[in-house]
Amino acid sequence: MAPEDAFQRELLRRELDAEPSAERLREMALELYDLWQRQRTVTTQLVRQELGKA
């Protein structure tokens, strides 16, 4: 993991640890899940494009 990624991960971890509201934690989890799914979709599209060019 790159240092910048580790730094961002630690920032998020601290934000999660400091959040007292279970509802807000739930919202954050759903946001993160949505972002992860979008990233997976884009990655899959890029891989398919590259495989099509090969």
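The values are calculated or read from the model by the stated rules, or taken from the named source; none is laboratory data. As the structure is a computational prediction, the values presented were derived from the model and not from experiment. We place every Cβ from the backbone using ideal geometry, glycine too, and count neighbours over all the protein chains shown. Side chains are part of the model used for accessible areas, which takes the heavy atoms of the whole protein and leaves out ligands, DNA and RNA. Shrake-Rupley method; radii C 1.70, N 1.55, O 1.52, S 1.80 Å.
Does residue 12 satisfy the criteria of being assigned to a helix (DSSP H, G or I), of a type in the set (A, V, I, L, M), free of Cβ contacts under 8 Å to residues at least 40 places away in the same chain and open to solvent by less than 70 Å² (accessible area, probe 1.4 Å)? Reasoning before the result, please.
Working: assigned to a helix (DSSP H, G or I): yes; of a type in the set (A, V, I, L, M): yes; free of Cβ contacts under 8 Å to residues at least 40 places away in the same chain: yes; open to solvent by less than 70 Å² (accessible area, probe 1.4 Å): yes.
The answer is yes for residue 12.
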Q. Which residue pairs have Cβ atoms closer than 7 Å, lie 6 or more positions apart in sequence or on different chains, and pair a first residue in region 21-45 that is free of Cβ contacts under 8 Å to residues at least 24 places away in the same chain with a second residue that is open to solvent by 80 Å² or more (accessible area, probe 1.4 Å) and small (Gly, Ala, Ser)?
A. none
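Report the residue count in region 37-54 for those that are among the hydrophobic types (A, V, I, L, M, F, W, C) and open to solvent by 80 Å² or more (accessible area, probe 1.4 Å).
Number of matching residues: 3.
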Q) Considering 17, 34, 5, which residue is within 12 Å of the chain's Cα centre (by Cα) and loosely packed, with under 10 Cβ neighbours inside 10 Å? A) 5
